[in-house]
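Undergrad: Okay, handing you the structure first.
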Amino acid sequence: MSRFTLFTRTAAVCLVAGLCVDSAHALEIEEVQWGFDGQVVQNRFNVLSVLVSNPSAEAFDGGMSLEKPQFGGSGSVGVVLRQPVFLSPFAKKWVQFHPFVNYGFSDWRLKWGEGRNSRRWGRSKEERYDVNKPRLGPAAYVILNAPGELLHRGKGSGLKGMAENLFPPIVTATDGLKGIVLDHSPRWQRPRRTAFLDWLHRGGELHLLKMDDDTYPQFPAPLADLNAPLPVQNLGQGHVYRHDRTRAEMTAEFVKQSITHRGEQPRDEDQKIEVRYGVQNNNLTDEFGSQFDASMLQSLKAMTQPDHNWTVIYLMSFVYLLLIFPGGYLLGRRRIDYRIMIAALLGTITLFSVGFSIVGARGYNEATAVNTVAIAHPLPGGFYDIAAWSNAFVTSGDDYLIVHPGQGRLYSTCQSQEGVAGFVNEDPAERFFAVDIPPYSSRTFAHRAKAPGKPLDFQVDSFVGGNLLESFKVTIGPELQKSFKQGYVVYGNMIYRLRDEKGQLTADRRGQKVNAFVNSNYQIGYGFNAAPFSPLDSKDEIDLEEKYGNTFLPLIIRSLNFTHTKQARKFQLPTDRARLFLITTLPPEFQMSSEVLGQQDGRVLYSFDVFK
């Protein structure tokens, strides 16, 4: 074989290999968008929309992951989000992740690759993409754009435009959305229509504008409730407003007076969250949510404290150190056979390893258990929007699959510093949380879901109120009485405790302003290292009822969705309704589907709007 022929064949092989490598990297990131208006809400599940394209002539069949890299390290913080991605040749599509965002200064990174082995993703720089840091802000007001809509229409109104195809197909991903302005009927398939209605019933604001022909848009059957010719319409805890103007007639002053300042959480200029270098500029101590998740998870973790015999552990540690040094040194001075020294060292290590394992293997009643607190908002069709926080304590180390009933499941460990040996599968067809939990240890996590649930058996017997609540009585059924724990009602800007008298709940005559209620329950014990919902004590026995009881008021505050003190000061429910809070034991339909994690216990706060 001539040298020329050998060179030609070698060059051909290299060219083919190069083409294969290029096809393996055949995914390109064209656009990345945080949230609904380019911002995210702190300590909530947010949306990250990624436009990916396949510029090659071969189909891409692999996956993509989103992670938060550790500062100065090679690992990641929290759990990695993964999902499969398939793209036909020369095709493009939007892929959405749902990360829990603690702070705005965190870096995020996308990785991808062929196949389902995620360890092979992101091996080259062509398979990695550093996402811009998210900007923190309040829940968004946006105007939906139809496909091909000119983005400059309505420009100058102060509202960000969002493509209607980026609206999430799951309601659990809409925590960062407050209001939508709409002047057409979106071309959505069933999942997005359902998620839109669920978001509206949960408390969203819809502002309808006239079309260019001076008529309001007409919606098809699934959204037919929006066609009611009313200036203001209530749907669940949400509102629909009709405005007598078109998109082109919107001005910044109109948006400020008629859209962004309406509802129970007005947004003044001095209330907007300014961001500088990803950190909020207006005093983090005023942010109710800045420590809620970490503190709630810490409180749940305290419910299953390992019962260790620390006296024996400390004594064994002291003896172990003495045997290593000066014990090893003294043994070496006797000039005995080095093999005896090595055997003695290995024997000491083995003996004390077994000893520490036996003495340290003491857990809460020696049983695997899960403790959960949750907030449930009713949705159409017998579903509830669930936000929950859990602690799973295990006595046997293993890789655990955590999954809950329902749709749109989102998971996070809410970690801001440490890595977690696990991942969240964001495949829309099968969402779950897989995690490695060592023996006799805990794993805390938060999750969101739209889950089916039984209707609560209660009836409002009396609801009278003007400026203040004059009378409010509720009768709860026999089944609800068995699981009922506490009740509250909010009217106007006041909150009242409900007294339980054999299934008859009656509001106290004197209430407390919501602002005072919020501040009084967020001052004591608040901080990074203390669980503010569980007063510290030296009790040997864990009183679960007391521990759960300490979480009730913070859950109420979280359900009101405050992110800043000014919102609490200006909070005011419309006088045509009251918000009823009922706290019960956690029903089986809201618990984990897995039976491997043993006994499950918890409490759930139901939130209902009751109309006069």
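The values are calculated or read from the model by the stated rules, or taken from the named source; none is laboratory data. All figures in this text were calculated on a predicted structure; none of them were measured in a lab. Ideal geometry is used to build each Cβ from the backbone, glycine not excepted, and the neighbour counts take in all protein chains shown.
Undergrad: Can you pull out the residues in segment 330-355 that are modelled with pLDDT of 75 or more and surrounded by 12 or more Cβ atoms within 10 Å (Cβ to Cβ)?
TA: Met341, Ala344, Leu345, Thr348, Ile349, Leu351, Phe352, Gly355
Undergrad: Taking the conditions exactly as written (farther than 25 Å from Lys68 by Cβ, among the polar types (S, T, N, Q) and modelled with pLDDT of 95 or more), does Thr194 satisfy them or not?
TA: Numbers: farther than 25 Å from Lys68 by Cβ: yes; among the polar types (S, T, N, Q): yes; modelled with pLDDT of 95 or more: yes.
Here the answer is yes, as Thr194 does meet what is asked.
Undergrad: Of (1) without any contact (Cβ under 8 Å) to a residue 12 or more places away in the chain; (2) outside any loop (DSSP other than H, G, I, E, B); (3) under 26 Å from the mean Cα position of the chain (by Cα), Phe433 satisfies all except one. Which?
TA: Phe433 satisfies every listed condition except (1).
Undergrad: Sticking with this structure for a sec: Considering only residues of segment 190-210 that are within 27 Å of the chain's Cα centre (by Cα) and among the aliphatic types (A, V, I, L, M), which is surrounded by the fewest Cβ atoms within 10 Å (Cβ to Cβ)? Full working, then the answer.
TA: Applying the first criterion (within 27 Å of the chain's Cα centre (by Cα)) to segment 190-210 yields 190-207.
From the residues that got through so far, the ones that are among the aliphatic types (A, V, I, L, M) too are 195, 197, 200, 206.
Values: Ala195: 22, Leu197: 22, Leu200: 25, Leu206: 19.
Step by step, filter segment 190-210, then rank; the result is Leu206.
Undergrad: Right, here's the next one. Within segment 410-425, how many residues turn out to be without any contact (Cβ under 8 Å) to a residue 24 or more places away in the chain and in contact with a Ser or Thr (Cβ under 7 Å, 6 or more places away or on another chain)?
TA: Of all residues in segment 410-425, those without any contact (Cβ under 8 Å) to a residue 24 or more places away in the chain come to 421.
Then keep just the ones that are in contact with a Ser or Thr (Cβ under 7 Å, 6 or more places away or on another chain); that gives none.
Count: 0.
Undergrad: Looking at segment 389-430 only, could you name the residues that are outside any strand (DSSP E or B) and at pLDDT below 95?
TA: So the first thing to find is which residues in segment 389-430 are outside any strand (DSSP E or B), and the list is 395-397, 403-406, 413-418, 426-430.
Passing the criteria: Thr395, Ser396, Gly397, Cys414, Gln415, Ser416, Gln417, Glu418, Pro428, Ala429, Glu430.
Undergrad: For segment 81-109, name all the residues that are in contact with a helix residue (DSSP H, G or I) (Cβ under 9 Å, 6 or more places away or on another chain), at pLDDT 95 or above and either crowded, with 20+ Cβ neighbours inside 10 Å or among the polar types (S, T, N, Q) (or both).
TA: Across segment 81-109, the qualifying residues are Arg82, Gln96, His98, Phe100.
Undergrad: Scan segment 91-111 and report the pairs whose first residue is within 22 Å of Ala388 (Cβ to Cβ) and whose second residue is crowded, with 18+ Cβ neighbours inside 10 Å and among the small types (Gly, Ala, Ser), with Cβ atoms within less than 7 Å and a gap of 6+ or a chain change.
TA: Listed by first residue and then by second, the contacts come to Gln96/Ser49; His98/Ala173; Phe100/Ser412; Phe100/Ala446.
Undergrad: Return the residues of segment 52-69 that are among the polar types (S, T, N, Q) and within 22 Å of Leu410 (Cα to Cα); say none if nothing qualifies. Even if it seems obvious, please write down each step before you answer.
TA: Here is the first cut: in segment 52-69, the residues among the polar types (S, T, N, Q) are 53-54, 56, 65.
Within segment 52-69, Ser65 is the sole residue that qualifies.
Undergrad: Scan (1) hydroxyl-bearing (Ser, Thr, Tyr); (2) outside the structural domain of Leu315 (by TED's automatic domain parsing); (3) over 19 Å from Asp601 (Cα atoms) for the single condition Tyr338 breaks and write down its number.
TA: (2)
Undergrad: Consider Val460 carefully, then state whether it is of a type in the set (A, V, I, L, M, F, W, C) and under 30 Å from Ala294 (Cβ atoms).
TA: Numbers: of a type in the set (A, V, I, L, M, F, W, C): yes; under 30 Å from Ala294 (Cβ atoms): no.
No: the conditions fail for Val460.
Undergrad: While we're here: Could you check Tyr129 against (1) modelled with pLDDT of 95 or more; (2) within 25 Å of the chain's Cα centre (by Cα); (3) under 25 Å from Arg409 (Cα atoms); (4) surrounded by 17 or more Cβ atoms within 10 Å (Cβ to Cβ) and say which number it fails?
TA: Result: Tyr129 fails condition (3) only.
Undergrad: Is one or more of the residues making up segment 392-413 of a type in the set (A, V, I, L, M, F, W, C), in contact with an Asp or Glu (Cβ under 9 Å, 6 or more places away or on another chain) and closer than 28 Å to Leu560 by Cα?
TA: Within segment 392-413, the first condition is being of a type in the set (A, V, I, L, M, F, W, C), and the residues that meet it are 392-394, 401-403, 410.
After this cut, where a residue has to be in contact with an Asp or Glu (Cβ under 9 Å, 6 or more places away or on another chain) as well, the list is 403, 410.
Those left that are additionally closer than 28 Å to Leu560 by Cα: 403, 410.
Yes, segment 392-413 contains at least one residue that is of a type in the set (A, V, I, L, M, F, W, C), in contact with an Asp or Glu (Cβ under 9 Å, 6 or more places away or on another chain) and closer than 28 Å to Leu560 by Cα.
Undergrad: For segment 421-434, state whether one or more residues are more than 27 Å from Phe45 (Cβ to Cβ) and either among the charged types (D, E, K, R) or buried (at least 22 other Cβ atoms within 10 Å of the Cβ) (or both).
TA: To start, the set of residues in segment 421-434 that are more than 27 Å from Phe45 (Cβ to Cβ) comprises none.
No, that holds for no residue.
Undergrad: Out of (1) modelled with pLDDT under 75; (2) under 22 Å from Tyr440 (Cβ atoms); (3) under 33 Å from the mean Cα position of the chain (by Cα), what's the single condition that is false for Leu300?
TA: Going through the list (1) modelled with pLDDT under 75; (2) under 22 Å from Tyr440 (Cβ atoms); (3) under 33 Å from the mean Cα position of the chain (by Cα), Leu300 breaks only (1).
Undergrad: Filter segment 356-387 for residues that are under 18 Å from Val319 (Cα atoms) and surrounded by 14 or more Cβ atoms within 10 Å (Cβ to Cβ); which is modelled with the lowest pLDDT? Give the steps one after another, and end with the answer.
TA: Start the filter on segment 356-387 by keeping residues that are under 18 Å from Val319 (Cα atoms), which leaves 356-360.
This time we only want the ones that are surrounded by 14 or more Cβ atoms within 10 Å (Cβ to Cβ), so: 356, 359-360.
Working: Phe356: 80, Val359: 74, Gly360: 68.
The residue in question is Gly360.
Undergrad: Next up: What's the number of the only condition in (1) on the phi < 0 side of the Ramachandran plot; (2) modelled with pLDDT of 90 or more; (3) out of contact with any strand residue (DSSP E or B) (no Cβ under 7 Å at 6 or more places or on another chain) that Tyr496 fails to meet?
TA: Going through (1) on the phi < 0 side of the Ramachandran plot; (2) modelled with pLDDT of 90 or more; (3) out of contact with any strand residue (DSSP E or B) (no Cβ under 7 Å at 6 or more places or on another chain) one by one, Tyr496 breaks only (3).
Undergrad: From the list Asp213, Asp270, pick out the single residue that is exposed (fewer than 12 other Cβ atoms within 10 Å of the Cβ) and modelled with pLDDT under 90.
TA: Details: Asp213 fails: modelled with pLDDT under 90.
Matching residue, one of Asp213, Asp270: Asp270.
Undergrad: Does Arg497 satisfy being surrounded by 14 or more Cβ atoms within 10 Å (Cβ to Cβ), assigned by TED's automatic domain parsing to the domain that holds Val518 and either over 25 Å from the mean Cα position of the chain (by Cα) or closer than 28 Å to Gln407 by Cα (or both)? Walk me through it before giving the result.
TA: Values: surrounded by 14 or more Cβ atoms within 10 Å (Cβ to Cβ): yes; assigned by TED's automatic domain parsing to the domain that holds Val518: yes; either over 25 Å from the mean Cα position of the chain (by Cα) or closer than 28 Å to Gln407 by Cα (or both): yes.
Judged against the criteria, Arg497 is a match.
Undergrad: Search segment 549-575 for residues that are under 16 Å from Met296 (Cβ atoms) and pair each with any residue that is β-branched (Val, Ile, Thr) and part of a helix (DSSP H, G or I) when their beta-carbon atoms are under 7 Å apart and the residues are at least 6 apart or on different chains.
TA: Ile557/Val518; Phe562/Val518
Undergrad: Mind checking whether some residue in segment 390-405 is surrounded by 23 or more Cβ atoms within 10 Å (Cβ to Cβ), on the phi < 0 side of the Ramachandran plot and small (Gly, Ala, Ser)?
TA: Checking segment 390-405: at least one residue is surrounded by 23 or more Cβ atoms within 10 Å (Cβ to Cβ), on the phi < 0 side of the Ramachandran plot and small (Gly, Ala, Ser).
Undergrad: For the structure I just gave you, tell me whether Val370 is in contact (Cβ under 8 Å) with a residue 60 or more places away in the chain, under 22 Å from Met303 (Cα atoms), outside the structural domain of Ala195 (by TED's automatic domain parsing) and of a type in the set (Val, Ile, Thr).
TA: Numbers: in contact (Cβ under 8 Å) with a residue 60 or more places away in the chain: yes; under 22 Å from Met303 (Cα atoms): yes; outside the structural domain of Ala195 (by TED's automatic domain parsing): yes; of a type in the set (Val, Ile, Thr): yes.
Taking the combined requirement at face value, the residue satisfies it.
Undergrad: Residue check, Thr395 against (1) in contact with a strand residue (DSSP E or B) (Cβ under 7 Å, 6 or more places away or on another chain); (2) within 18 Å of Lys301 (Cβ to Cβ), all met but one. Which one?
TA: Of everything listed in (1) in contact with a strand residue (DSSP E or B) (Cβ under 7 Å, 6 or more places away or on another chain); (2) within 18 Å of Lys301 (Cβ to Cβ), Thr395 misses just condition (1).
Undergrad: Taking the options Glu205, Glu114, name whichever one is touching a Lys or Arg at 6+ places or on another chain (Cβ under 9 Å), in the same structural domain as Glu58 (by TED's automatic domain parsing) and not β-branched (Val, Ile, Thr).
TA: Answer to the selection: Glu114.
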